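To keep things clear, I will list the structure first and then write my remarks on it.
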Amino acid sequence: MTSIDPSPGGEAADLRLRAPEHRVAPRAIIWWSLQALIGWLVVTLPQAGLLLFTDDAPVGATWALWACVAVGVLHVAIMPSWRYRVHRWEVAADAVYTQTGWLTQEWRVAPASRIQTVDAKRGPLQQLFGLSTVTVTTASAAGPLHIEGLEHRLAAALVEELTATTQAVPGDAT
C-alpha cells in the first residue's frame, strides 16, 4: 500500500490504485460503435469509390478494401462492448479514480488537492444519446482524466460536486 501526501504540510492520504466503482452509461456502447463506424467509413468509402469509378485501379485495391472492411467490422463489433466492460469511474472525498481503454488499459488516481479544472463537453453524437464527457485537469504530467459516456445529468452533477470538492480541499493544485 502506498500513501501519498496530497498537499504540502497536509495529512497523508491513503490513495490506492484500484478499480473504480461506477460504469459509464450503457448508451456509450452505441456512441462508441457509431464513432468507430464513421471512422471506418472515412477509410473505406474512398477505396470503394476508387474501385467503382476508375478503370485502372491498382491490383491490390480490392484486397485492401476487403481487408479494411474485415478489420472495420471486427473493430465495430468488439471494441464498444469491451470498452464498456473496462471503463469505470469513481469520485471519493479525496480523489477521482478512472479506468479506461480496451486494448491498452489505464488506471488513474487524481488527488482532489491536485485538481485544477473540471469541464464537461458534448459532441453531436453525445448530444444525440444524452451523454457527456467530464474532463478533470490536474497538475499531472500524464494529462487530464477523461470520464467518457456519462449520462448528461450525472455529468453536470459531477462537475458541480468536483468543483465544490476542489474548492474545499486545501492545496495549490500543483
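The values are calculated or read from the model by the stated rules, or taken from the named source; none is laboratory data. Please read these numbers as outputs of a predicted model, since none were measured by experiment. Here Cβ is always computed from backbone atoms with ideal geometry, including for glycine, and neighbour counts include all displayed protein chains. For the accessible areas, the whole protein counts, side chains as well, though only heavy atoms, and no ligand, DNA or RNA atoms are used. Shrake-Rupley method; radii C 1.70, N 1.55, O 1.52, S 1.80 Å.
When the accessible area of the chain is computed with all protein chains present and a 1.4 Å probe, what percentage of it is carbon and sulfur?
Using a 1.4 Å probe with all protein chains present, the chain comes out at 62 percent carbon and sulfur.
Between Asp94 and Arg18, what is the spin-label point distance in nm, taking each point 7 Å from the Cα along the Cα→C-beta axis?
Distance between label points: 1.1 nm.
Between the alpha-carbon centers of segment 115-145 and segment 27-72, tell me the distance in whole angstrom.
So the separation of the two Cα centres works out to 30 Å.
Could you check the spin-label model distance between Asp56 and Ala70? Points 7 Å from the Cα along Cα→Cβ, value in nm.
Here the answer is 3.0 nm between the modelled labels.
With a length cut of 30 Å (Cα positions projected on each helix's long axis) and a Kyte-Doolittle mean of at least 1.0, go through the chain and give me the DSSP H helices that pass.
On the way: long enough: 28-53 (37 Å, 1.66); 61-86 (36 Å, 1.03).
Helices meeting the criterion: 28-53, 61-86.
For segment 61-143, restrict the atom set to alpha-carbon positions and state the Rg and Dmax in Å.
Reported Rg and Dmax, both Å: 17.2, 56.
Size of the dipole of the chain about the Cα centre, Lys and Arg at +1 and Asp and Glu at -1 on the beta carbon, nothing else charged, in debye to 20? Intermediate results must be reported in sequence, preceding the final value.
Values: 12 positive and 15 negative charges, 84 e Å.
About 400 debye.
On a full-extension model of 0.36 nm per residue, what is the gain between Thr137 and Ile38, subtracting their alpha-carbon distance, rounded to one decimal in nm?
Full-extension gain reported as 32.8 nm.
Based on alpha-carbon atoms only, what is the radius of gyration of segment 15-174 relative to the globular estimate 2.2 N^0.38 Å?
Relative to the rule-of-thumb radius for its length, segment 15-174 sits at 1.32.
Principal axis lengths of segment 22-95 from Cα atoms, whole Å, largest first?
Taking max minus min along each principal axis of the Cα atoms, segment 22-95 gives 64, 20, 15 Å.
With a 1.4 Å probe and every protein chain left in place, work out the accessible area per residue of the chain in Å², rounded to a whole number.
Normalised by residue count, the accessible surface of the chain is 58 Å².
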